[in-house]
Each structure stands twice: as structure tokens, then as C-alpha cells.
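All remarks here apply to the structure that follows.
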Amino acid sequence: MREFFEVLKYTFKDNVKKKTFIISTIIMLVIVIAAMLIPAIVTNVQSSNKDGENSKNPSEKSIVYLVDKSGYFEKNLQEVQKQFPDYQIKLIAENKVDSLKGDIKENGKSFLIVASLAKDVPVFEYFLKQYGDGPSPDAMNKVFKSIYATDLLKQANVSDDTITKALSDVKINVNEMGKNKLGGYFSSIFIVMILFFAIYFYGFGVSMSVASEKTSRVMELLVTSVKPSRILLGKTAGMGVLGLIQLSLLIFVGAVTYTLAFPADFTIGGMGFDLSSFTPFSMIMIIIYFILGYTLYALMYAVVGATVSKAEDVNSAMMPMSFVSIISFYFSYGTFAIPDSIVARVASLIPLTSAFSVPSRLISTNVPVWEIVTSLLILIVTIVLVGMMSIKLYSFAVLHYGDRLKISTLFKISKENKD
Amino acid sequence: MGLLVDNVSKKFGEKLVVNNINFEMKEPGVFGLLGTNGAGKTTTIRMILNIVKKDSGAIKWNNKPTAGQVTNFGYLPEERGLYPKVKVMEQLTYFARLRGITHEKAKKDITYWLERLEASEYTNMLAEKLSKGNQQKIQFIASIIHDPELIFMDEPFSGLDPVNTDLFKGVIYELINKKRYIIMSTHQMTTVEEFCRDILILKNGDTVLSGNLKDIKHSYGRNNLIINCEGNIVELAAEEGITSFNQNAEGYEFKISNEEQAYKLLEKILSKRLLLDKFEIREPSLHEIFIEKVGDAK
């Protein structure tokens, strides 16, 4: 146990000082803070623009020119003006249309609406430089329709009271009972990415660390000082603690920035961005799945690192392992689109993918407790089995110098050498 | 107390690397493991240390298999194995801590050894910045920092200049006086003659010679005659029936079958009044024995 902690401590101290760790931590912190701050800045800019528009003088307001061939809206010009307080509505004669069009095309500061009747229904031609400038067609539809309908109803001698009632909007109050889909979607992508990179990065770190001890031949001294299993487990744990600290730091800084700066009314395409699914429970589960997922991958990565004799071989040796990680990542990546699909449920049970899949589903949907428990059990049992195998393979691989060992050869040798 | 290597063999694939090696080290001191490159010395050491699994035989330290006691031994491997990007003090402390030495004691002992080996100035340097000889010093400290009773030294003097070689020798003498058991593999025959009580010579995995160094030399007899003098004495020697010789810059080295031949030759030289610098009858050197036992294969 003492040796385990010594290896852990040394691995941690050795790696925490490394430039790669310091720089990657800083970069990730900057990204997290930016991800939280940018929506806040955008929202602030938008609202200050709105404030500015409201206080505009009438002379500074954009002009909306109205040509009325229908005759319905001329008489209700005041009503139209009331409905578009941000614009100045001006009635003009039909013959000015062409020169106005030229002006709009050139300057784009004013807008032109030509109203006419086709089969007793008002038709509007709306001229503007770019769609999105000026009053929205939806708003126009509402205003002009209301004026037209009021007029028609009045002609039919309907009482004012009834007209008001008939034209009032119905109210629809949306009450979402499940988890916010959009917020959950982005959050789960975020979580899967973070988990994947953390697990991949630190697993890779274990591999590199083992390989460097082997290529520098420190290994010979180490294995005669400590049992190989202690080195493997201590190293895995040391890197894991480092990863955990980095991950916790990111989550902590992210949470603090979120509470301080993230706008409550932030929307994407009009949909609320709700991060309420980041409950303490889901946070704890993310940490647990990181620890377990990392342990599983790191134990395999350590063996890969041990098969290498020369530093140049590290990358090619890592290839199959990288494939496994990336395939697992994409398999679970598919799960947050439809977090309750069969694929997602399967990914939550496979030990290689569950560390990515379950946390993302926890954020975006309600995962039944039995699925979490089963997935954790499978993962833990797999870790124990893989761990035992890794210790065995590692002990043999670590002392083999010469050509890079293939995993199949390694299995053969370890079988032959069963004491 | 003692190390016993009993009928140990090892194959790498089809190649027999060590064939039935046997030796026993009952008393403290230095045991010399000799042989040409690739003779199986390092493999033998690694088998004792359980780094390489032996195919057959038994290896025991204090009557118990060595496999379970490896962490008590000291090991100076043939190739340098240090963390290149870690400071000397830091990695030595780590190695000491792995052996269960307290932090304070480790620091104290490392400082002592760095001073003893005249390497104090490297305490806070990265290992990769050190010369080969200085790295060897650090490696040496790593192998004895836990004061082991049994120490393996694979080519301890490689890369060392004469000054540092003497420094190392001083430490090895100190270890011998402290009753440590040292298994040393080396190519430097003079070193072996200086330190080793018992030796074993390997050739392609086979033991070609093994036993007490003095006894071995004795068994060869005093059949080396060294004469440094003026003039050509080859003909004089031939008259006495001494025909096998080597000539070097200093003089002659004859092979004699008995000492009588030598004295007769001496009389002749003296009667001819040739100026004589050196006359010596001695046992063959380990170098000669080694060449005789191993060299003819080449």
C-alpha cells in the first residue's frame, strides 16, 4: 500500500508540473468561462439596443411608407401608427412608389407597404432592403388583419364588445414537465465531450508515462524496487487524481461563472436554455462515471504503453486503443439525439461506452435507477477483470525489450509463463 | 546467508541463452560473472532478480527463492535507467521512498552519497543534463540507497574515467568491509582480479570455468616468464627449450613448462652480461585465462 501511494504521489507531482497540464488547464478554463460569458454579453448588447430604440426621437425613427389601394387602412392610419411605435408611418401616393423603391434599394433606411384588395381580401406588397429589417410580416399580418376584420365586423353591425372578444388572442401557457430538450441537448454534448477528452487525455497520459519509463529504462530499477502491480495501479491512480482535479476545477469555475454571469433569459432561436438538469446528483454521477470510465481506459492504456520499447513506437502502438476510444465515443455520441432509444440504453450498459452515455442521458432525460445501477455494476466488474488482466500483461510487457509487442503475442507469453 | 544458483537455464525462443548455470556465494565479498558480450551474464542477473523468468532450476537467497525478495536487493543495471527530465535529488528520493525509507533519512543519505561520489553539484540538475559517468554515479546511488545485503552490479565501471573508477572502487571496498554480497559482471579483468574471490566464466550460455580465482590461477601453475633486457634472447631461450613467446615494447613473455627452465635462462643472460631490467615468474593473468577459455571460439 505504501508503494502504491508513493507511485501515486510521484506520478501526480511529476505531471502536475508539466507544461502540457498547466497550459491545457488554462485553455479549458478560458473556454468554459467564455462559453458562459458570451451569451451574457450577447444578451446585454441586445437589450441595450432595445433601450436605445425606445428612446429614439420621431425624426430618427425609420419611415414606413404606406400606399393604400384598398381604402381600408388610410382611415385607420392612427391605429396602424399606434401598433408600430418604433416606426413612423407615412401615407403616400401611388406614383411615388418607383422612386421609393430605388431609395430603399440604395439606402435601406425606409420601408414600403403597398396594400390592395384581391377578391375582397387585402394583399400586401412589402418592399425592404433585407429581410429582417423593418416591421416583421407577422406583426403586419396581425395589425392589418385586425383592422380589416374590425371594419368588416362593424359593417355587419357586430357590437364593439364582441369584436374585441373575437379578435383577442387565445392564451397558451406552455408548461414543460420533462427536461428541457434544447438545454439538455447542448449540456449532454458538452458533458460527453468533456468526459471523452478527459478520459482519452489522461488514459493517453498513463500510456505515455509507462512508455517513457520503459524507454528510459527506469523500469528495470522500478520493477526491482516495487511489485509491477503497485506501479500500474499507483500510476493509474496518480493520473486519475490529476484528471479529477482538473475536471472538478472546470466544473467549479463553470458553475461559478454560470451563477454570476449567465443570463437567465438567454435563448437560442427563441428556446430557453435551461441548465437546471445539472443537479448535485447528476454532478456526482458525472464524477463517478469519470473515475470509473477513466480507470477502465487507463488500465488498458497502461498495457499499450508497456508494449513499446522505443519512444517512436508509442503512437503506432496507441492506434488500436485510439480506435476503440473513438468508436465508443461516437457510439455514445448518437445517444443524446434520442436519449431514450434502444441504442442509448445499450450504450449505457456496455462498459466502454457507459461512461460517456449515462452522464449525457442523465442530463437530457430521466434514466431509470435500475439502468444506472446495472451499468455501474457492469462497469465495476469489468474494471476488476480488466485490471487483473492488465497487471498480468503489464508485468510481462514491461520487461520485454526489442520489437514492439503485439497484444496477441503478449497474451500468448503470459499464458505460457503462468507460474 | 548466501546466494545459491542451482542448475538454472533459460531459452529465448529456440536459443539457449544460459545453460545449467551453477554457483554459490556463501560469504560476503565480490563474485565475478565474466564472459564475452552475449554470453548470458545479464540474463543470469535478471533471472536472479526475477526480471526474466527462468525456465528451470532454483535460485535462492538465504534458502528462500529470490523471486519474492527482489525488492530487498540492490541493482545497478548495465544501461542507464533514470528519469531524464527529473532532478537528481527528486528521483533518488522517489527510489528511496519506494524502498520504504523515510523522507528525512532518504534526503540525508542521498546528500551523503552525492558528496561521497563527488556529485553534490548535480543535486538539482535534470538527469539528462549529466554526462554518462555522472549518470552512472546517480544510478549507483539508486542501487545502494536502501543499504541492501545483496547487490548486483552489471558493468559498474562503464563510462567512468580513471579518477571516478577509483572513487567507485573505494565505495565497493567499503561495501565489502561492511560484509555485503556483490555479484559483479564486468569485462575489466584487472578489476576482477582486484575484487573477486570467486569467478564464473560464461561462453554462449555455457559455464567454461568456475571457482575460486586463486585456486584457478594456481592450477595453471607459475608458467609465465617475463623478461625485460637488452639484446635478443630468443635464441638463448630456444636453447633451453622455451619456444612459445610474445614480444612487446618492454620485453618478452615466455611460456615455460617448469621453473627450472627459467632459472637456466637467467644464468645464461647473466653470464652474457646482458643488462637486465625485469625477471618475473608468475601465474597466468585472468586476462590470459579468459582469452584461453573464451577467445578460441572466435
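Points to keep in mind about this one:
- Length added when fully stretched, A:D98-A:S316, from 0.36 nm per residue minus Cα-Cα: 71.5 nm
- Where both bridge residues fall in chain B, DSSP classifies roughly 65% of the beta bridges as antiparallel.
- Potential lengthening between A:I407 and A:I189 on full extension [0.36 nm per residue; Cα-Cα distance subtracted]: 75.2 nm
- B:H187-B:R282 FRET efficiency (beta carbon distance; Förster radius 22 Å; 0.05 resolution): 0.50
- Computed helical MRE - 222 nm, chain A, DSSP H runs ≥ 4 contributing -39500 (n - 2.57), nearest 500: -22500 deg cm²/dmol
- Converting phi to 3J(HN,Hα) with the Karplus coefficients 6.51, -1.76 and 1.60 and the offset θ = phi - 60°, region B:91-98 yields 6, 5, 4, 4, 4, 5, 4, 4 Hz in sequence order, with x at every glycine or proline.
- Helix A:19-54 axis, angle to chain A major axis (alpha carbon atoms, nearest 10°): 10 degrees
- Mean separation of Cα contacts under 8 Å, 6 or more apart, over the residue count of chain B: relative contact order %: 20 percent
- Fully extended contour minus Cα-Cα distance, from A:L249 to A:I342, at 0.36 nm per residue: 30.1 nm
- Once both labels are positioned 7 Å from their Cα atoms along Cα-to-Cβ, the gap between A:N173 and B:K255 label points is 11.5 nm.
- The residue list B:I172, B:W113, A:V373 was ranked by how far each Cα lies along the charge dipole of the protein assembly as shown toward its positive end, using unit charges on Cβ atoms, and A:V373 comes out on top.
- Region B:232-256 and region A:79-112 have Cα centres separated by 126 Å.
- Less than 5 angstrom separates the built amide H of B:K203 from those of B:V208, all sequence-distant by 5 or more or on a different chain.
- Averaged over the residues of A:14-21, the number of partner chain Cβ atoms lying within 10 Å of the residue Cβ comes to 1.
- Interface burial for A against B (accessible surface, 1.4 Å probe, total of both chains, Å², rounded to 100): 2300 Å²
- Highest-first packing order for the peptide set A:307-318, A:287-298, A:249-260 is A:287-298, A:307-318, A:249-260, based on the mean count of other beta carbon atoms within 10 Å.
- Per residue of B:82-88, other chain Cβ atoms within 10 Å of the residue Cβ number 4 on average.
- Protection proxy ranking of A:195-206, A:349-360, A:34-45 - average other beta-carbon atoms within 10 Å, highest first: A:349-360, A:195-206, A:34-45
- Amide hydrogen proximity for B:Q188: with H placed 1.01 Å from N in the peptide plane, no residue at 5 or more positions away or on another chain lies under 5 Å.
- The mean number of partner chain beta-carbon atoms within 10 angstrom of a residue's beta-carbon across peptide B:269-278 is 0.
- Value at 222 nm in deg cm²/dmol, rounded to 500, when DSSP H runs of n ≥ 4 in chain B each add -39,500 (n - 2.57): -10500 deg cm²/dmol
- In this rough spin-label picture, where each label sits 7 Å from Cα along the Cβ direction, the B:K87-A:A149 distance is 8.1 nm.
- Accessible surface for region B:166-255, divided over its residues, is 48 Å² per residue with a 1.4 Å probe.
- Residue-wise HN-Hα couplings along region A:164-172, as the Karplus relation 6.51 cos²θ - 1.76 cosθ + 1.60 with θ = phi - 60° gives them from phi, are 4, 4, 5, 8, 6, 5, 7, 9, 10 Hz; Gly and Pro carry x.
- Placing a pseudo-label 7 Å from each Cα along the Cα-to-Cβ vector at B:L275 and A:D133 gives an inter-label distance of 11.7 nm.
The values are calculated or read from the model by the stated rules, or taken from the named source; none is laboratory data. Keep in mind that what you see is a predicted model, and the values were worked out from it rather than measured. Note: ideal-geometry Cβ built from the backbone for every residue, glycine included; neighbour counts use all protein chains shown. Heavy atoms of the whole protein, side chains included, go into the accessibility calculation; ligands, DNA and RNA do not. Shrake-Rupley method; radii C 1.70, N 1.55, O 1.52, S 1.80 Å.
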